[in-house]
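The structure under discussion appears below in the form of structure tokens.
The values are calculated or read from the model by the stated rules, or taken from the named source; none is laboratory data. This structure is a prediction, so every number in the text was calculated from the model and none was measured. Heads up, the Cβs are rebuilt from the backbone with ideal geometry, glycines too, and the neighbour counts pull from every protein chain shown.
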Amino acid sequence: MLRKKALITGINGQDGSYLAELLLDKGYDVYGLMRRKSKLEYGNVTHLKDKIKFIYGDMTDLVSLINAVRIAMPDEVYNLAAQSFVGTSWDQPIATAEIDGLGVTNMLEALKIAAPLARFYQASTSEMFGLVQEIPQKETTPFYPRSPYGVAKVYGHWITKNYRESYDMFACSGILFNHESERRGEEFVTRKITMAVAKIALGLQDHVELGNLDAKRDWGHAKDYVKAMWLMLQQEKPDDYVIATGETRTVREFAEAAFAAVDIQLEWKGQGVEEVGIDKNTGKVVLKINPEFFRPAEVELLIGCPDKAKKQLGWKLEIPFKELVERMVKNDLRILKEGNK
């Protein structure tokens, strides 16, 4: 029996690394698209680099994507490459649009030309909902993005749907809500919190500064979410699915859970930007508000309805919120103790 082949863009990111592990465990030949840099960096797939076939390419260069597809001749393509940080999208709106929007079109064109029967997964995002029009958010909820990142992702989502309907391509979009892990980049607020908490616990840092503590998100673990990506491409017909926990937590609650993982109970004092989080045992301020970290247009509430994915894909969550946060904190403690930071 021939082994299935998969091409993953953004393979050295958080999701790409967990997906690569999953597919390798299932017996796939895995190809990873990498941008050529002056220094070779494997990122989160360093431990898998001898098991993955890497191909140089760029989401903004159609010719390189056609070449990558012809080399891999994949059965499945997972497009996870993106400028994925919302804050950065305000500083680099055009680059974000070219990678997260037009880059999707480039990959779809490459497949249409070189491997039209390949199954395609597009990484859509809950940020497309932005100023939410319905609670909870479902596959049918109207989009109202509130950042250049969200806008670019809406384009990527709709162009995927258009290629599916116009060219009869097996193309799916996973509307994934916030998913974190031990491999999350430190520019994201969740990892910023867990790394800071680990440093505070080890006496390496006094406090952490955050923005809007009351922003609400639907947080799950990336390891669970990549299973949903794979399941989408195993169905008889292509479709789009919301992947979420169906539970919402505030940034404040995430911080409380992270501090609790190192036995620090937070007590809140003050209001607005003057509010601080205090260690109940020592009375020390360990969390402060910094207005500079507020977004120009804030997304206040995201909570997804995963019913369709659970029913049609048979998908389920295995890692609950508390365990997710504890795993991240413990991993950051390990990294710091080993002297890798």
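Numbers below:
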read-out	value
Filter result for residue 256 (surrounded by fewer than 15 Cβ atoms within 10 Å (Cβ to Cβ) and within 20 Å of residue 209 (Cα to Cα))	no
Test: residue in the stretch 208-220 that is crowded, with 20+ Cβ neighbours inside 10 Å, out of contact with any Phe, Trp or Tyr (no Cβ under 8 Å at 6 or more places or on another chain) and at pLDDT 95 or above	yes
Answer residue from the stretch 185-203, given it is modelled with pLDDT of 95 or more and among the hydrophobic types (A, V, I, L, M, F, W, C) and is farthest from residue 288 (Cα to Cα) among those	202
Single unsatisfied condition, residue 135 versus (1) assigned to a helix (DSSP H, G or I); (2) touching a strand residue (DSSP E or B) at 6+ places or on another chain (Cβ under 9 Å); (3) within 22 Å of residue 246 (Cα to Cα)	(1)
Candidates 166, 173, filtered to the one that is of a type in the set (S, T, N, Q), under 27 Å from residue 113 (Cα atoms) and in a strand (DSSP E or B)	173
Condition broken by residue 2, with the remaining ones in (1) closer than 22 Å to residue 221 by Cα; (2) aliphatic (A, V, I, L, M); (3) outside any strand (DSSP E or B) satisfied	(1)
Wholly within the stretch 6-118, helices (runs of 4 or more DSSP H) carrying at least 2 residues that are buried (at least 16 other Cβ atoms within 10 Å of the Cβ) and in contact with a Pro (Cβ under 9 Å, 6 or more places away or on another chain)	86-91, 93-97
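So that you can scan it fast, the table gives a plain yes or no per residue for (1) assigned to a helix (DSSP H, G or I); (2) under 20 Å from residue 329 (Cα atoms):
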| position | (1), (2) |
| --- | --- |
| 187 | no, yes |
| 204 | no, yes |
| 213 | no, yes |
| 229 | yes, no |
| 234 | no, no |
| 241 | no, no |
| 253 | yes, yes |
| 259 | yes, yes |
| 262 | no, yes |
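Table: residues versus (1) surrounded by fewer than 14 Cβ atoms within 10 Å (Cβ to Cβ); (2) among the hydrophobic types (A, V, I, L, M, F, W, C); (3) touching a residue at least 12 places away in the same chain (Cβ under 8 Å).
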position: 270; (1), (2), (3): yes, no, no
position: 274; (1), (2), (3): yes, no, yes
position: 279; (1), (2), (3): no, no, yes
position: 292; (1), (2), (3): yes, no, yes
position: 302; (1), (2), (3): no, yes, yes
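Okay, residues lined up against (1) among the hydrophobic types (A, V, I, L, M, F, W, C); (2) within 20 Å of residue 324 (Cβ to Cβ); (3) over 22 Å from the mean Cα position of the chain (by Cα); (4) modelled with pLDDT under 95:
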position	(1), (2), (3), (4)
227	no, yes, no, no
234	no, no, no, no
238	no, no, no, no
246	no, yes, no, no
254	yes, yes, no, no
257	yes, yes, no, no
